[in-house]
Amino acid sequence: MSNPPPIPDAFGPFQIVRLLGAGAMAHVYEVVRPDSSTRYALKVMRKELCGREAIVKRFQREIRLAKELDHPNLLSVVESGIENGQPWALMPLIEDKKLDKMIKREGPLGLEDAHGIMIQVIDALRYLHKRNLCHRDIKPENVLIDQDGKVRIADFGLAKGLAADGANPTLTRTMQGLGTPHYMAPEQLSAAGKVDHRADIY
């Protein structure tokens, strides 16, 4: 993975406050609009990937899917667009409280906290599965928690459609069989084409 570029002062209509994270496909910045004090998370595709049609389509598909979903425990997309060839998505800013960082910083969760988080994650997964969608990358890094303890599941880059007839058309065909090794269900490696909602529950 390449190093993130120098942090610009602005991207399109947004003023950049800081870099929140850098992934294989995109950078995420904390941003504000010049005419507002509301802060957002701005996900911007890496410039060096913008010429790769399959990756651009996958990124745009992820954004489109997130905009179509409406559940309090799923991270929504407020706005999206393309700036100088770079697709971007604007999302609510959840103050640096990924579940994995919480555990590293504060240690193992207590029973009450773990139960409260799990109930919200399960409710979000139930919503996705009823709509014949499989997230395929449920892990602490993709579970965001705000200051009130409300959970938001993020990152639909590996989401897969589950047809009623079992055909399982994928939303991310080029990513079939991928996930995060420590959190993947065994069938994501051994039988990627047959993965369904049970992989999320695993």
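The values are calculated or read from the model by the stated rules, or taken from the named source; none is laboratory data. Predicted model, so just to flag it, every value in this text is computed and none were measured. For neighbour counting, all protein chains shown are included, and Cβ atoms are generated from backbone atoms with ideal geometry for every residue, glycine included. SASA here: full protein model, heavy atoms, side chains in, ligands and nucleic acids out. Shrake-Rupley method; radii C 1.70, N 1.55, O 1.52, S 1.80 Å.
Observations on the model:
- Ordered by 1.4 Å accessible area with all protein chains kept, Lys67, Lys97 run largest first as Lys67, Lys97.
- With 19 Å as the limit, the listed pairs Lys67/Lys98; Lys98/Lys139; Lys97/Lys160; Lys57/Lys150 have Lys67/Lys98; Lys97/Lys160; Lys57/Lys150 beyond it between alpha carbons.
- Entry note, the chain: relative contact order of 15 percent, from Cα contacts under 8 Å with a spacing of 6+ residues.
- Rounded percent of accessible protein surface that carbon and sulfur make up, the range 76-128, 1.4 Å probe: 56
- Spin-label model, Glu79/Gln60: points 7 Å from Cα along the beta carbon direction are separated by 2.0 nm.
- Solvent-accessible area per residue for the range 71-143 (1.4 angstrom probe, square angstrom): 53
- Where (i) 17.1, 51; (ii) 19.9, 59; (iii) 26.3, 79 are the candidate values, the label of the one calculated here for Rg and Dmax of the Cα atoms in Å is (i).
- The order of the peptides 149-158, 101-110, 37-46, 122-131 by mean Cβ neighbours within 10 Å, most packed first, is 149-158, 37-46, 122-131, 101-110.
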